[in-house]
Structure formats: structure tokens, C-alpha cells
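Engineer: Please read through the structure below; I'll follow up with questions.
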Amino acid sequence: MMALNPLTLKKINRFRSIKRSYYSFVLLAALILLSCVAELLVNSRALVVSYQGELYFPTYSAVNTGETFGLNYGYEANYRDLKQHFATEGKGNWVLMPVIPWNPYEQDFDGTSYPPNPPSLDRQHYLGTDESGRDVLARLIYGFRIAIWFALLTLTLCYTIGVLVGSLMGYLGGKFDLVMQRVIEVWSMVPFLYVIMIMVSIIQPSFFLFVLINVMFGWISITWYMRTMTYKEKAREYVLAARAQGASLWRVIVKHILPNTMVMVITLAPFGIVANITTLTALDYLGLGLMPPTPSWGDLLQQGKSNLNAYWIIGSVVFAIVSVLTMVTFIGEGIREAFDPKKYTRYV
């Protein structure tokens, strides 16, 4: 097993001692892992179907028609109705459904009321339906998965580019530094919202399109931080010693400078996640985000604003957004506190 540096262990233990940050990290990590298998928890397809002694697993398999289970229609089976049908027959066949037996795209019109409908245990809409009759809880969960992976992917790409460019600017200096400063200054003046509006009018909006657009603008901020940190670190004795021993440019940056500047990157990362989630939610709210009917927190916010009498829509999505952003903020505060170098520095 890889042995951790004693100073790193101190930082980890310090983070664990900050209870609200540690528990927020554990809870958020659990939510992310559960969102990866959301189809097992939130889905209109059954987890397991037992029919005439044979097992079917519809969640991750091909489409099974009603004829497969002895019904008189050739389109995909309605597993909620199939479960009731098997229970009525009493022939030993059974259906195991997810906890929330609705998918985020499915509309439920019961014929007695027009959506949005309030929470109902009988219909298994635990947070009600939106204005199109879709399950709010299902759209919250799938919307969280899209938002958090958008934030993580965007953050990873932005920081990879920003750390690389910033390190080279700080280490090389000279003309390269001056040229890149001018490029960044010009590029940062391009209005982000206008670019979004132009791009979505030309290209069909998609998840990866918005990742690309956000990366185009998001790498700038971390670049300035890395430039400053690298510029300061390259004058230290350990860098001068490495260069005197013949270390190459990339070895000096990767093996010596980056390990001593990553504290800044790690500290800023949680706040970058908050910014990315907020950006995607705001774009969806303004109608410039992902194409309907993609599950989205911004879309639910828009519906909640348009249907203020449907308290379950606005209340649930606001609670979800505030909870996730608060947890990420607590994690960021804990990391900043744990990685504070002043706590492990002695002046002699």
C-alpha cells in the first residue's frame, strides 16, 4: 500500500476533525455514488420480473413487450400495471419495482386532475408532479446527476488547462508570459452569455456542448493563481537545486513545483464545483440550457416560478440546490482549514 506523507496524514485528520465538513463530504460522496445507479432506484422499468419460472432484468436489458408476459400488446410492458396484473392472477409470477417507479420523462395523467399534482403515496409521486405530469423526485435525482457530473467534468478540464498554462507562464516568463497575458485579457472580455446564446442558436444544445463552452472561459481564473504561485516557487532553493542537477522543464514543474502549489488548487476546487452547478442551473432556468425534456434543476425552478401554488415543485428544488451547495461549501471550508500551511509551520 502507498504510504502517505506524515504531513498529509495530519491534514486528513484535521479535515476529519471538522465534523460538518467531513460529514458533508461523506453524504455528498454517497449521493454521487447513488446517482450513478439511479436507474436501480428511480425507473419505470422493473428491477426483476419472474414469469413462468424465468427471470427477466428489464432495467439493463432490451425492451420486453407486453406479449413477452402474456399480455395482448406489442409495445414495451408497463411494469406497474404488470405487477398489479400478476398479483390479481395469483399464479406465482411477480415484479420487483424500484423505490420510485417512474422515470424522469414519463408523464402521468390520471384522468381526474390536471398537473401539477400534489404529493401522493397512492400514485407513488412522493414529491408530486410537475406541470407536464412528470415525477418531481425522479427529475430532481436525475437532474442532480447531470449537474454534479457537469460540474466535476468541467472543473477537471478547466483545472488541467489552467494549471498547465499557468505553470508555464510563471516558470518561463518572458515573451511567452506577456503574450499569454494579452491573450487571456482579450479572451476574458468576450461576454460569456452572448457566446452561449450564439452557440445554442447554431448547434443543438447538449451536455458536452455546455462543458466545452464553460471550459473555454473557466480555465482563466485558475491560470492566474498558478502563474503567481509558480513565479514565486521557481525562485526557491529546491527548484534552483533541481535545475542545477540538470532536471528538464517538465520534471521541474511536475515533480517539484506542482506538489508545492497544489494546495491552492485543492482549496479552490469545491468552490469551482459550486460555480459550475450554479451556472448550469441558471442557464436552464433562462431557457438557454439543456434541451427539454432533459431533467434539470433550472427547469424545475422555472416551473416553480410559473406555478407558485404548486409549492412542492419550488420547495423541493430550492431545498435540493441549497443543500448540495451548502455541503460543497462546507467541504471547501474544511479543505481550506485542513490545508492551511500556518498550522504546520514553525518559525525558528
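Engineer: Any residue that is free of Cβ contacts under 8 Å to residues at least 40 places away in the same chain, of a type in the set (Gly, Ala, Ser), out of contact with any Ser or Thr (no Cβ under 9 Å at 6 or more places or on another chain) and open to solvent by less than 50 Å² (accessible area, probe 1.4 Å) - is there at least one of those in segment 281-299?
Structural biologist: Yes, segment 281-299 contains a residue that is free of Cβ contacts under 8 Å to residues at least 40 places away in the same chain, of a type in the set (Gly, Ala, Ser), out of contact with any Ser or Thr (no Cβ under 9 Å at 6 or more places or on another chain) and open to solvent by less than 50 Å² (accessible area, probe 1.4 Å).
Engineer: Read through the list (1) touching a residue at least 24 places away in the same chain (Cβ under 8 Å); (2) within 27 Å of ASP135 (Cα to Cα), then give the number of the only condition that LYS10 fails.
Structural biologist: With respect to (1) touching a residue at least 24 places away in the same chain (Cβ under 8 Å); (2) within 27 Å of ASP135 (Cα to Cα), LYS10 is out only on (2).
Engineer: Are there any helices (runs of 4 or more DSSP H) wholly within segment 172-280 with 3 or more residues that are more than 21 Å from the chain's Cα centre (by Cα) and more than 30 Å from PRO292 (Cβ to Cβ), and if so which?
Structural biologist: Output list reads 174-188, 207-233, 237-244.
Engineer: Go through GLY133, GLY128, GLY174 for me and flag whichever is in contact with a helix residue (DSSP H, G or I) (Cβ under 9 Å, 6 or more places away or on another chain), open to solvent by less than 70 Å² (accessible area, probe 1.4 Å) and not charged (D, E, K, R).
Structural biologist: The match here is GLY128.
Engineer: Could you grab me the full set of residues in segment 262-276 that are under 21 Å from MET197 (Cβ atoms) and open to solvent by less than 30 Å² (accessible area, probe 1.4 Å)?
Structural biologist: If the condition is that a residue be under 21 Å from MET197 (Cβ atoms) and open to solvent by less than 30 Å² (accessible area, probe 1.4 Å), then ASN276 is the only one that fits.
Engineer: For segment 28-41, indicate whether the set of residues that are touching a Pro at 6+ places or on another chain (Cβ under 7 Å), open to solvent by less than 30 Å² (accessible area, probe 1.4 Å) and over 30 Å from ASN309 (Cβ atoms) is non-empty.
Structural biologist: To start, the set of residues in segment 28-41 that are touching a Pro at 6+ places or on another chain (Cβ under 7 Å) comprises 40-41.
This time we only want the ones that are open to solvent by less than 30 Å² (accessible area, probe 1.4 Å), so: none.
No: segment 28-41 contains no residue that is touching a Pro at 6+ places or on another chain (Cβ under 7 Å), open to solvent by less than 30 Å² (accessible area, probe 1.4 Å) and over 30 Å from ASN309 (Cβ atoms).
Engineer: Please go through (1) farther than 24 Å from MET169 by Cα; (2) of a type in the set (Gly, Ala, Ser); (3) open to solvent by 20 Å² or more (accessible area, probe 1.4 Å) for ALA244 and return the number of the only condition it doesn't satisfy.
Structural biologist: It is condition (1) that ALA244 fails.
Engineer: Here's another thing I want to ask about it. Read through the list (1) modelled with pLDDT of 90 or more; (2) part of a helix (DSSP H, G or I), then give the number of the only condition that PRO295 fails.
Structural biologist: Of everything listed in (1) modelled with pLDDT of 90 or more; (2) part of a helix (DSSP H, G or I), PRO295 misses just condition (2).
Engineer: So which of TYR114, TYR159, TYR105, TYR126 is free of Cβ contacts under 8 Å to residues at least 12 places away in the same chain and among the aromatic types (Phe, Trp, Tyr)?
Structural biologist: Residue meeting the stated conditions: TYR114.
Engineer: Of all residues in segment 1-55, which are over 25 Å from VAL99 (Cβ atoms) and either of a type in the set (S, T, N, Q) or touching a Ser or Thr at 6+ places or on another chain (Cβ under 9 Å) (or both)?
Structural biologist: ASN5, THR8, ASN13, PHE15, SER17, SER21, GLN52, listed by residue number.
Engineer: Give the residues of segment 303-317 that are in a loop (DSSP other than H, G, I, E, B) and either in contact with an Asp or Glu (Cβ under 7 Å, 6 or more places away or on another chain) or open to solvent by less than 100 Å² (accessible area, probe 1.4 Å) (or both), sorted by residue number. Reasoning before the result, please.
Structural biologist: Of segment 303-317, the ones in a loop (DSSP other than H, G, I, E, B) are 307-310.
The answer is ASN307, ALA310.
Quick grid of which residues meet (1) open to solvent by less than 70 Å² (accessible area, probe 1.4 Å); (2) modelled with pLDDT of 95 or more; (3) touching a Lys or Arg at 6+ places or on another chain (Cβ under 7 Å); (4) within 30 Å of PHE330 (Cβ to Cβ):
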site: ARG16; (1), (2), (3), (4): no, no, no, yes
site: TYR75; (1), (2), (3), (4): no, no, no, no
site: GLU89; (1), (2), (3), (4): no, no, no, no
site: PRO115; (1), (2), (3), (4): yes, no, no, no
site: SER120; (1), (2), (3), (4): yes, no, no, no
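Engineer: What number of residues in segment 125-139 are in a helix (DSSP H, G or I) and either polar (S, T, N, Q) or out of contact with any Leu (no Cβ under 7 Å at 6 or more places or on another chain) (or both)?
Structural biologist: Selection size over segment 125-139: 1.
Engineer: Of all helices (runs of 4 or more DSSP H) completely enclosed by segment 6-104, which ones contain at least 2 residues that are over 24 Å from ILE141 (Cα atoms) and either among the polar types (S, T, N, Q) or within 21 Å of the chain's Cα centre (by Cα) (or both)? Show your work before the answer.
Structural biologist: Values: elements: 6-17, 19-36, 79-89.
Those helices (runs of 4 or more DSSP H) span 6-17, 79-89.
Engineer: Scan segment 200-233 residue by residue and report those that are touching a residue at least 12 places away in the same chain (Cβ under 8 Å) and under 22 Å from GLY143 (Cβ atoms).
Structural biologist: Those that are touching a residue at least 12 places away in the same chain (Cβ under 8 Å) and under 22 Å from GLY143 (Cβ atoms): VAL200, GLN204, PRO205, SER206, PHE207, PHE210, VAL211, ILE213, ASN214, VAL215, GLY218.
Engineer: Something else now. One residue is enough: does segment 218-229 have a residue meeting the conditions aliphatic (A, V, I, L, M) and open to solvent by less than 10 Å² (accessible area, probe 1.4 Å)?
Structural biologist: Here is the first cut: in segment 218-229, the ones aliphatic (A, V, I, L, M) are 220, 222, 226, 229.
Then keep just the ones that are open to solvent by less than 10 Å² (accessible area, probe 1.4 Å); that gives 222, 226.
There is at least one residue in segment 218-229 that is aliphatic (A, V, I, L, M) and open to solvent by less than 10 Å² (accessible area, probe 1.4 Å).
Engineer: If I ask for residues that are open to solvent by 50 Å² or more (accessible area, probe 1.4 Å) and either among the hydrophobic types (A, V, I, L, M, F, W, C) or within 13 Å of ILE161 (Cβ to Cβ) (or both), which ones from segment 230-239 would you list?
Structural biologist: Once the filter is applied, which keeps residues that are open to solvent by 50 Å² or more (accessible area, probe 1.4 Å) and either among the hydrophobic types (A, V, I, L, M, F, W, C) or within 13 Å of ILE161 (Cβ to Cβ) (or both), segment 230-239 yields only ALA235.
The values are calculated or read from the model by the stated rules, or taken from the named source; none is laboratory data. Every value quoted in this text rests on a predicted model; they were computed, and no experiment measured them. As a convention, Cβ positions derive from the backbone with ideal geometry for all residues, glycine included, and neighbour counts pool all protein chains shown. SASA here: full protein model, heavy atoms, side chains in, ligands and nucleic acids out. Shrake-Rupley method; radii C 1.70, N 1.55, O 1.52, S 1.80 Å.
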